[in-house]
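Structure first, commentary second.
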Amino acid sequence: MQVVFLNQFDRIVGQGEDRAQVFIGEEQGVWSAGWRSIQPTAAEQEDLWYEGMSWEELLAAFRHGVACKLSQGFRPMLDGMLEEAPLWERRPSALTLLQCYADMQDATETGNKLRIWRRARATEEKKSAYLIATNRELQMLAVYLPQSLEELIQIPGYGQVKLERYGKELVELLKDIPRKHTFPLLTWVSKEVTEEQRSSWIFKQKEEKYSKVLASVREKRTLLLGIREGRTLTDLENLLQCTRRQLLERIEQLDEEGYDVQRVVEQELATLPDEECEQIETAMKELGDQYLKPLMHKVYGDIQANAKDTEGKYEKLRMMRLRYRKLSRSAI
């Protein structure tokens with residue numbers, strides 16, 4: 001194997017030191033990345049993170065593996081592997097400090113009250129809960145307990161729009177909860193978070209981030225393989241353990257990225273009557289293919305059927321749109 005990248009990692013453990021290497025290598029077109037322990041008193045141990053021909057998946061596995069080791073306390077000899085600037089040149093931002101400190105605190109009871117409020121608001125506005133407030137925003141509210149609009153606006157994520165929409169409710173919810181700290185927050189939070197705590201928190205966030213990236217890359221590989229094998233949408237839905245709508249969105253994303261998804265498209269459209277195909281194609285030529293709702297009304301009229309039937313019609317439109325866009329690209 002030809003090594004194309006190598007870096008050494010060290011970690012202080014009591015009076016001793018753990019030492020290891022992270023590597024990327026290539027042999028006859030096959031890429032590999034992993035972790036190699038190089039303890040002087042023990043045999044080398046190797047943990048292979050990835051082996052295959054996908055550079056995209058190799059990078060995702062490599063970044064996730066490095067982030068995991070950083071969160072475990074290892075530090076690289078050559079810094080900046082996951083950053084544009086080395087650690088010693090990075091200044092902690094106000095947002096990082098506030099999020100880090102909040103995540104270090106236990107505010108379960110108040111957090112539960114805020115989640116009940118969020119759930120009620122989401123139901124009332126018919127929105128996803130995260131659009132009302134993210135989990136991180138709720139954690140910061142629960143920890144910092146703003147008790148006026150002037151204090152609430154210091155919480156990251158609460159600008160003028162959220163302040164006007166939810167500010168009075170949140171202040172009312174939090175105003176009677178005792179607190180020991182004061183505002184402005186940065187006057188004391190920056191003194192409460194040590195450099196080691198901040199670094200560990202940052203590396204943990206990166207570990208979670210690259211874990212999701214790696215899962216996404218592997219899911220894409222699984223989906224592409226399933227399409228090449230001629231699997232149906234139902235097969236792919238069961239394979240990926242996702243909803244039908246999520247599956248269709250992922251197939252559309254693959255098409256936008258330039259992957260060939262026509263096998264599953266043609267397979268699903270094989271039973272669609274020619275007359276219906278022509279109606280949909282004509283509607284797309286007339287109205288464009290960006291928005292599905294106008295196409296739905298144009299082709300099928302006012303839908304009064306049940307939700308399952310409506311979703312089935314939208315599925316046909318999505319499949320026809322993929323075919324239509326493929327033909328449009330070929331005609332250029």
Original post:
Inside region 160-197, can you point out the residues that are surrounded by 12 or more Cβ atoms within 10 Å (Cβ to Cβ) and assigned to a loop (DSSP other than H, G, I, E, B)?
Top reply: I177, R179, H181, F183, L185, V193
Subject >> Selected residue (criterion: modelled with the lowest pLDDT) from residues of region 52-78 that are open to solvent by 30 Å² or more (accessible area, probe 1.4 Å) and among the charged types (D, E, K, R) >> reply: R75
Original post:
Got at least one residue in region 5-23 being closer than 26 Å to K220 by Cα and surrounded by 15 or more Cβ atoms within 10 Å (Cβ to Cβ)?
Top reply: yes
Subject >> Positions within region 101-111 being assigned to a helix (DSSP H, G or I) and either basic (K, R) or loosely packed, with under 13 Cβ neighbours inside 10 Å (or both), in sequence order >> reply: T108, E109
Original post:
Hey, among L114, L131, L98, which residue is more than 20 Å from S200 (Cα to Cα) and crowded, with 19+ Cβ neighbours inside 10 Å?
Top reply: L114
**OP:** Confirm whether R250 is surrounded by fewer than 11 Cβ atoms within 10 Å (Cβ to Cβ), assigned to a helix (DSSP H, G or I) and not small (G, A, S).
**Re:** no
Original post:
Do we have any residue at all in region 278-300 that's open to solvent by less than 50 Å² (accessible area, probe 1.4 Å) and more than 36 Å from the chain's Cα centre (by Cα)?
Top reply: no
Original post:
Taking G258 and the conditions (1) assigned to a helix (DSSP H, G or I); (2) out of contact with any Phe, Trp or Tyr (no Cβ under 7 Å at 6 or more places or on another chain); (3) farther than 27 Å from V299 by Cα, which numbered condition does it fall short on, given that it satisfies the others?
Top reply: (1)
**OP:** Looking only at region 137-159, decide whether some residue is in a helix (DSSP H, G or I), open to solvent by 80 Å² or more (accessible area, probe 1.4 Å) and not charged (D, E, K, R).
**Re:** no
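The values are calculated or read from the model by the stated rules, or taken from the named source; none is laboratory data. Keep in mind the model is a prediction, meaning the values are calculated, not measured. Quick reminder, even Gly has a Cβ in these numbers, built from the backbone with ideal geometry, and neighbours come from all protein chains shown. What goes into the accessible areas is simple: the full protein's heavy atoms, side chains included, and nothing from ligands, DNA or RNA. Shrake-Rupley method; radii C 1.70, N 1.55, O 1.52, S 1.80 Å.
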